[in-house]
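Single-structure report; data block below.
The values are calculated or read from the model by the stated rules, or taken from the named source; none is laboratory data. Note that the coordinates shown come from a computational prediction; the quantities given were computed from them, not determined experimentally. Quick reminder, even Gly has a Cβ in these numbers, built from the backbone with ideal geometry, and neighbours come from all protein chains shown. The area values use the complete protein model at the heavy-atom level, side chains included, leaving out ligands, DNA and RNA. Shrake-Rupley method; radii C 1.70, N 1.55, O 1.52, S 1.80 Å.
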Protein chains: 4
Amino acid sequence: MADDSESNASTAVDSAATDAEAACFEAGIKFGSLYHQFAGTPISPDSAPSLARAMEEAIENQPHCTDVTVDVRTDELADALANASAEYTELTGRFLEVEIVVEYEGWTVVTKMAMEDGYPLMRLEEVRNE
Amino acid sequence: MADDSESNASTAVDSAATDAEAACFEAGIKFGSLYHQFAGTPISPDSAPSLARAMEEAIENQPHCTDVTVDVRTDELADALANASAEYTELTGRFLEVEIVVEYEGWTVVTKMAMEDGYPLMRLEEVRNE
Amino acid sequence: MADDSESNASTAVDSAATDAEAACFEAGIKFGSLYHQFAGTPISPDSAPSLARAMEEAIENQPHCTDVTVDVRTDELADALANASAEYTELTGRFLEVEIVVEYEGWTVVTKMAMEDGYPLMRLEEVRNE
Amino acid sequence: MADDSESNASTAVDSAATDAEAACFEAGIKFGSLYHQFAGTPISPDSAPSLARAMEEAIENQPHCTDVTVDVRTDELADALANASAEYTELTGRFLEVEIVVEYEGWTVVTKMAMEDGYPLMRLEEVRNE
């Protein structure tokens, strides 16, 4: 039974997490890192591609992180700047679509970030054993 | 059987994660956020307590995060400054001990950060259903 | 004469900066540091005081920085949260009023940050020789 | 006379800064921003070029900033990794050489960052009126 087996794994004497749980933990670390390292960076339509690429390659350095894809929502960025007095703004979640893939001990975790109710929601998309 | 039930949960058609996995993902987000938001902050023995407190309260704002404890390793900080020409340095993992507790859908996840081989290693300490 | 030498210094062959100019440069460093270290930090009315204090003490570590005052604009923060689905948001310039004082080689520089046209404008308030 | 008025301005009743001082303040802001936005970013020899480019383009968005040049000290980075258990490290000043040029009201300010006594020292290289 799912509940029992999971409970066994995670509430045992040593409280060890399952490999799938550890893979999800690793995926979360990558998302928090990406967001809080780069939030606040000055960004414009011209500089968006280089920032997106740097974010991808920086986070791909982290352990177990096999792929990071950062897309800047250029329409949203253009809208923000159309109403502004400057030609750049600060990077925040509303300008980002991000997918991060982590592989850990045979588990693959796919995570995505999208805006929901005005907040950048990070969610688990897939947790699969290969 | 543990493997089957877990596999079922995470490789099903909708690839939905278990609540325990989601709780671990949330815990990872908090750790990545804490580290990459505050790494690089100027820190001295005098300013360490206020920074530690701010880190705790900032990350406790995040969803499902019930407790954050940040201890600055003041001996390590004093050592670093003893050999330096300035009276402060930059915050990095070697000066930190952190515990983060996340509660999500009945699951409690306890995570810790400690130095291992010169790197700040974040690990799952407990994943338990209450 | 101090006044003459200063003027000469800044346009001389070796392009050396005056002490007043160096003091202003130092003040700018502090402001950029404060803003980009802490922008993006999760903040709520409850956690605002500890973050403000940490920002002050962290930046006061930097060379020649004698005083930093950070006030969180709690009305603005409450307004932002009243229209939001979460109980916290990310720190950005619209929630901040900051004053930084730098002393360098007999010069005191007072700088402030305030919102102007939707951007956090950092400006030199006073540059005086004491 | 320009020289006199400048000197007067900076010590006058209203304590207004000179244009040269404001230019130096602007240059300082850029340096503090660059350093504290990106310090702590995961970096490896492979990802260094994309990060350097993103840093340049991000800071060039800021007002009055005409040119930013970021060179990663790859020898220093390789040395750090040779003694480490991982294939990446965190960005800090010891891996960077940076030049930032600001133009403000006819003044050009050239600033550089280099390591001195183990600290990343930011200094004014030139302040010239053109």
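Counting only other chain Cβ atoms within 10 Å of each residue's Cβ, the peptide D:89-97 averages 3. How big is the B-D contact in terms of buried accessible area, both chains counted, 1.4 Å probe, rounded to the nearest 100 Å²? For B against D, buried area totals roughly 1000 Å².
Taking Cβ separations below 4.7 Å as the criterion for a possible disulfide partner, the isolated cysteines in the protein assembly as shown are A:Cys65, B:Cys65, C:Cys65, D:Cys65.
Under 5 Å between amide H atoms, partner at least 5 residues away or on a different chain: which partners does A:Asp67 have, H built in plane at 1.01 Å? Counting only residues 5 or more places away or on other chains, the set is A:Val101. Shown for D:Asp79: label points 7 Å from Cα along the beta-carbon vector, and their distances to the equivalent points in the other copies, 2.1, 5.0, 5.2 nm in ascending order.
Of the listed residues D:Glu21, C:Glu99, the order by accessible area with a 1.4 Å probe, largest first, is C:Glu99, D:Glu21.
Between B:Asn129 and D:Asp46, the simple spin-label model (points 7 angstrom out along Cα→Cβ) gives 3.9 nm.
All other residues whose Cβ lies under 14 angstrom from that of A:Glu76 are scored, Lys and Arg at +1 and Asp and Glu at -1, for a net of -3. Pairs of Cα atoms in segment B:18-129 fall into 10 Å distance bins, from 0 up to the last occupied one, in shares of 15, 45, 28, 10, 2, 0 percent.
Counting Cβ atoms of other protein chains within 10 Å of each residue's Cβ and taking the mean over peptide A:46-57 gives 6.
Spin-label pair D:Asp75-D:Lys112: with each label point 7 Å from Cα along the Cα-Cβ axis, the two points sit 1.6 nm from one another.
Evaluating 6.51 cos²θ - 1.76 cosθ + 1.60 at θ = phi - 60° for every residue in segment B:103-110, the Karplus couplings come out as 10, 8, 6, x, 9, 10, 10, 10 Hz, glycine and proline recorded as x.
Cross-linked pairs B:Lys30/C:Lys30; A:Lys30/B:Lys30; C:Lys112/D:Lys30; C:Lys30/D:Lys112; D:Lys30/D:Lys112: Cα-Cα separations exceed 19 Å for B:Lys30/C:Lys30.
With R₀ fixed at 22 Å, the C-beta to C-beta distance from A:Thr66 to D:Ala86 puts the FRET efficiency at about 0.85. Amide H contacts of D:Ala17: none lie under 5 Å away among residues 5 or more positions distant or on a separate chain (H built 1.01 Å from N in the peptide plane; Pro and chain starts excluded). Ranked by solvent-accessible area (1.4 Å probe, protein heavy atoms only, all chains present), the residues B:Leu81, B:Leu96 order from largest to smallest as B:Leu81, B:Leu96.
Based on the Cα coordinates of the protein assembly as shown, what is the per residue volume of their convex hull in Å³? Hull volume over Cα atoms, normalised by residue count, gives 148 Å³. Amide hydrogen proximity for D:Leu91: with H placed 1.01 Å from N in the peptide plane, the residues at 5 or more positions away or on another chain lying under 5 Å are D:Gly40, D:Thr41, D:Ile43.
Simple point charges give the picture: +1 on the Cβ of Lys and Arg, -1 on the Cβ of Asp and Glu, and for segment B:18-129 a dipole about the Cα centre of about 180 debye.
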